[in-house]
1. Give the residues of the stretch 157-176 that are surrounded by 13 or more Cβ atoms within 10 Å (Cβ to Cβ) and assigned to a strand (DSSP E or B), sorted by residue number.
2. Which condition does V100 not pass, out of (1) more than 27 Å from D16 (Cα to Cα); (2) touching a strand residue (DSSP E or B) at 6+ places or on another chain (Cβ under 8 Å), if it passes all the others?
3. Among the residues of the stretch 41-69 satisfying the criterion of being within 16 Å of V127 (Cβ to Cβ) and part of a loop (DSSP other than H, G, I, E, B), which is most open to solvent (accessible area, probe 1.4 Å)?
4. Does the stretch 97-149 hold any residues that are among the hydrophobic types (A, V, I, L, M, F, W, C) and in contact with a Ser or Thr (Cβ under 6 Å, 6 or more places away or on another chain), and which are they?
5. Go through the stretch 106-141 and give me each residue that's basic (K, R) and in contact (Cβ under 8 Å) with a residue 24 or more places away in the chain.
6. Among the residues of the stretch 142-156, write down those that are in contact (Cβ under 8 Å) with a residue 24 or more places away in the chain and not in a loop (DSSP other than H, G, I, E, B).
7. Do you know which of the residues in the stretch 54-95 that are among the aliphatic types (A, V, I, L, M) and in contact with a helix residue (DSSP H, G or I) (Cβ under 8 Å, 6 or more places away or on another chain) is farthest from A33 (Cα to Cα)?
Amino acid sequence: DRHAIRLTDMRLVGDDTQLDISGVVDLHNERIAMRANGAANLGILQGFVPNVRSSGSATLQASLEGAMRTPTVTGTMTIADGRVRPFDLPNSLQNIQGVVRFDSRGVTLDEVSAELGGGRVQFGGRVSIEGYRPGQFDVTMTGQNMRLRYPEGMRSVLDAALTVQGPVEAPTLGGTVM
């Protein structure tokens, strides 16, 4: 209606997923104002990230507002009992818990923790968002007593304090592994 798309009662439903979406997309002024609330199965990541298995649940309360080409996302995603297993790595991140916060500068990971190889891992920092895609990494990971199958044929117990920084196309890994 008048170059605008209005969603008043849209619900996306799937396995352990129910997201309610509402808002307006103003095509004439190229503006967006959308809201999403509900729960999602983290298995949905498999559709967007190749070579990954994922499971767990997340509740989402978020809004997407502003210019259509560079909108701002605000809100929270609370993760419970998450698991992410990249096919290229020998271990998975398990028992992922915590709150991911979205604001005008990007995604903040300061309240997210997990287990890797039986050891506790704490995440921190942020990932900037440029339009609809990740832009810059400034992320930390601190892990203790992680039991990993590395190098091949061996088992190691590691403590690590790592950083991932730079553009998403060419990030730099730094830090200390003991």
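1. V157, L158, D159, A160, A161, L162, T163, V164, Q165, G166, P167
2. In the conditions (1) more than 27 Å from D16 (Cα to Cα); (2) touching a strand residue (DSSP E or B) at 6+ places or on another chain (Cβ under 8 Å), V100 misses (1) alone.
3. Looking at the filtered set, the residue picked out is F48.
4. Hits for the stretch 97-149 are V99, F102, L148.
5. Passing the criteria: R120, R133.
6. Listed by number, the residues that qualify are G143, Q144, N145, M146, R147, L148.
7. Among those that are among the aliphatic types (A, V, I, L, M) and in contact with a helix residue (DSSP H, G or I) (Cβ under 8 Å, 6 or more places away or on another chain), it is V84.
Here is a yes/no grid of residues against (1) aliphatic (A, V, I, L, M); (2) touching an Asp or Glu at 6+ places or on another chain (Cβ under 7 Å):
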site	(1), (2)
T108	no, no
R120	no, no
M146	yes, no
S156	no, no
G166	no, no
M178	yes, yes
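The values are calculated or read from the model by the stated rules, or taken from the named source; none is laboratory data. Small disclaimer: the values here were computed from a predicted structure and weren't measured. Neighbour counts are summed over all protein chains in view; Cβ atoms, including those assigned to glycine, are modelled from backbone coordinates with ideal geometry. When the accessible area is computed, the model is the full protein with side chains, heavy atoms only, and any ligands, DNA or RNA have been set aside. Shrake-Rupley method; radii C 1.70, N 1.55, O 1.52, S 1.80 Å.
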